[in-house]
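Colleague: Here it is: the structure, laid out below.
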Amino acid sequence: MSEVVRVRHGSNTGQPLTRREGRLKVTGAARFAADAHPEGLLHAVVATSTAARGRVARLDVAAAEAHPGVVAVMTPQNAPALARHPDEKREPFTFRLDLLQDDRVRYPGQPIAVVIAETLEAATEGAALLAPAYEAEPARVGLDAAAPFVPEAIGVGDPAAVSRGDVAAGLAQAAERIEATYETPAQYHNAMEPHAVVAAWDGDALTLDTPSQGMAIAQGRLAGLFGIAPDQIHIRSPFLGGGFGSKGLISGPQVLGAMAARLVGRPVKLVLRREQMYGPVGHRAPTRQTLRLGADSDGRLTALDHHTLTASSTFDDFFEPAGGVSHTLYAAPALSTTHEAVRLDTGTPLFMRAPGEASGSAALESAIDELALACGLDPLEFRLRNYADTEPLTGRPFSSKALRACYAQGAERFGWRDRPLEPRRMRDADGLLVGWGVGTATFPALMFQAEARAVLRRDGGGAVEIGAHDMGQGAWTALAQIATDALGLDLDAVEFRMGDSRLPNAGIAGGSAHTATAGAAIHAAGSDVLAKLAALATGDERSPLYGAGNAGVVARGGRLLRRDDESRGEAFTDILARADLDSIEGRGTGAGDPGLRDSYAMHAHGAVFAEVKVDPDLGQIRCTRLVGAFAAGRIINPRLVRSQYYGGMIWGVSFALHEQAVTDPRSGRIMNANLAEYHVPVNADVPSLDAILVEEEDPHVNALGIKGVGEIGVTGTAGAIANAVWHATGVRVRQFPITLDRLL
Ligand code: MOS
């Protein structure tokens, strides 16, 4: 299509609407996966390994089967045959799943059996009666438990080592140098809603109610495992109680639910207990990052070397890409990032809340602060002196970058100019030490692939359909805002449908790219249907738009208007009526433009300013104030975006001061696999939050200029808090989370 109808935007996008599904959620009317109760439903409970490695030598299946209400016990002996071994990798984004194919144990918490019963209680008791015995070998725990190696790729395909310029020479010529090693712990997602599935088979057709951040990818994976076509699998996933990356790909336990339903020939519900989410559904791997930085006598970087040691499982290969942030943030003429890994007896780590950037920026932002101190410079001034006007690793221009404005607006709002350079100089009225720190936030502006369908109806309404996902971030609202503007209609006139795999494929809600990608598809579908409508009118002598050509037409408020004279036009409904059509349909795809993506570096940026108070006697640390200023392209809904930034910053508090999985070095088991002992911030831990939405226009990133806001708040914040703790106390803690025992 050469000529494009212009839509007059701005009526819905940009408005601070409240969540359209909010009432459903607060009244309990929103149905989450585990709320499904199909006729004949049975309950399944996973039994998990307490051993870290070896094999299951014995399971008392007879005892479990004899328990009243138990219908079946699924073990490697009777698990339904799969069409493809779950260790086989054919498609991208395929990770190995433990689906009862043999008696091996690869990590503690691995599913070793599933008990299916008439009630949850009977299934739970049945699972306890299995009393497994193991032939077990000692667990490999911690980053020193195995020999490091250089993985082929990190994340889902980036090279493990990249560099530009001569780092050794840059360090040699530096006037000031620092070398510091930072450690970050294993972290687990802890979404409010555990992984859950209600699975029902009808012949070879499978219906799943299950939370998903990527229904089409899940369909593809399930189709391969069960030997059926993807369109025989229907996934309903209208609401998620959080995902954080753990629901980006279908997990082993969710597949076990479908296998259990096949085994017993009845619908089955399987919901993980909270402690069962510490193993088979991904986590953030621990890292040990060594940064070597040099600066000249003006405080300008001469070299940046960022080495990461991280961990994966013994059987798969996701490696936390912590070095990536160092490619983009500071104008080092020489830089190098390298990754090494060890294999441990753990479930495979996977995407979690800014995978790579969260851990990497915690270390980098601490190191930058340490070098600023060595240079005798204010840490914000040091960052400005090393501001990257082009992407340091590649030399590419940024598609847009309003980071200077973020620094300036954030510093102003926070009151940064009053900050003493030296540590331990500020106290509050109660005698607590007060410290201020800054961190830079960044996250790539990614684009995946999505499709959408748009319909205009003769009755004046419209519909937009896309298989998009809402983990709680607000897709139901933000995408509907884009949809109504894409059609040139009012919000109430458009039916917006998402959260179901029968709708067009919206790709994955991850990488902070969902609004951009799904939004671009919706926008394209709207443009397509409007172009078809305009063609009907501009080619028809009876229309006031006759002869205008599509490019000469704009859409607004349910009408097509002549661009050269907006008083002349007609209603969508009149055009459809004259053409004797009940409705007209358009389709569109959203994806990044590969040419532009090669030419420009695309990232969102931000600056986070943190205040902490530390008890000088007890070492107790509180984050009391956070101001984040973020530039992420076009903002679709400022209320929801601010909420995303708050959420991200709270996870940054969590990273800095709270979260860590503690592993028993003897058993390899996680000792705090629950919300009581695995600390995440509660209300009392959350500081005063302020998020500034810094204006930024990006003409290159995608049709709508959206960069994404989901994960960036996590980056920058942890480093800012670590730097504030140093400023309060003069003690540099290089181990996250920063707890009082590490401070004293
Ligand atoms: Mo996110 S870790 O890309 O769901």
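Colleague: Post the alpha-carbon centroid distance, the range 74-133 to the range 656-673, in whole angstrom.
Modeller: After rounding, the separation between the Cα centres reads 24 Å.
Colleague: I would also like to ask the following. What is the packing order of peptides 720-731, 614-625, 144-155, taking the mean over residues of other C-beta atoms within 10 Å and listing the highest first?
Modeller: 720-731, 614-625, 144-155
Colleague: Please report the net charge: other residues with Cβ closer than 11 Å to the Cβ of Pro194, K and R +1, D and E -1.
Modeller: Surrounding charge for Pro194 is +1.
Colleague: I'd like the projected area of the range 16-128, averaged over all directions, using the convex hull of its alpha carbons. Report it in nm² with one decimal. Mind dumping the intermediate values first?
Modeller: Details: hull surface 45.3 nm².
For the Cα atoms of the range 16-128, the hull's average projected area reads 11.3 nm².
Colleague: If the label point is 7 Å along Cα→Cβ of Asp158, which residues in the range 425-452 have backbone nitrogen under 19 Å from it?
Modeller: Under 19 Å, as judged by backbone N against the label point of Asp158, lie 440-449 of the range 425-452.
Colleague: By per-residue mean of other Cβ atoms within 10 Å, what is the highest-first order of 159-172, 515-528, 396-409, 631-644? All intermediate terms of the calculation are to be shown ahead of the outcome.
Modeller: Numbers: 159-172: 16.4, 515-528: 28.3, 396-409: 20.4, 631-644: 22.9.
The peptides rank, most packed first, as 515-528, 631-644, 396-409, 159-172.
Colleague: Based on the mean of other Cβ atoms within 10 Å per residue, sort peptides 605-611, 447-453, 298-304 so the most packed one is first.
Modeller: In descending order of packing, they fall as 605-611, 447-453, 298-304.
Colleague: What is the sum of charges around Arg417, taking Lys and Arg as +1, Asp and Glu as -1, for the other residues whose C-beta is under 12 Å from the C-beta of Arg417?
Modeller: Details: positive: Arg413, Arg419; negative: Asp378, Glu381, Glu412, Asp418.
Taking every Cβ under 12 Å from that of Arg417, the sum is -2.
Colleague: Which of Lys25/Lys269; Lys25/Lys247; Lys25/Lys401 have a Cα-Cα distance over 25 Å?
Modeller: Flagged as over cut-off: Lys25/Lys401.
Colleague: Would you mind getting me the FRET efficiency between Gln101 and Glu381? Use the beta-carbon distance for r and R0 = 41 Å, nearest 0.05. Can you show the working numbers first?
Modeller: Details: r = 58 Å, r/R0 = 1.42.
Working from the Cβ atoms, E equals 0.10.
Colleague: Then there is this: Within 14 Å, Cβ to Cβ, of Ala172, how many net charges do the neighbouring residues add up to if Lys/Arg are +1 and Asp/Glu are -1?
Modeller: Here the count lands on -3.
Colleague: Calculate, axis by axis, the spread of Cα positions in the range 509-604 along the three principal axes, and write the results as whole Å, longest axis first.
Modeller: Ordered largest first, the range 509-604 gives principal extents of 48, 29, 21 Å.
Colleague: Could you give the length gained on full extension between Asp580 and Arg55, defined as 0.36 nm per residue of separation minus the Cα-Cα distance, in nm?
Modeller: 182.1 nm
Just so you know, all these numbers are worked out from the coordinates, no wet-lab data involved. Here the structure is a predicted model, which is why all the values come from computation and not from measurement. Positions of Cβ are backbone-derived with ideal geometry, glycine not excepted, and every protein chain shown enters the neighbour counts.
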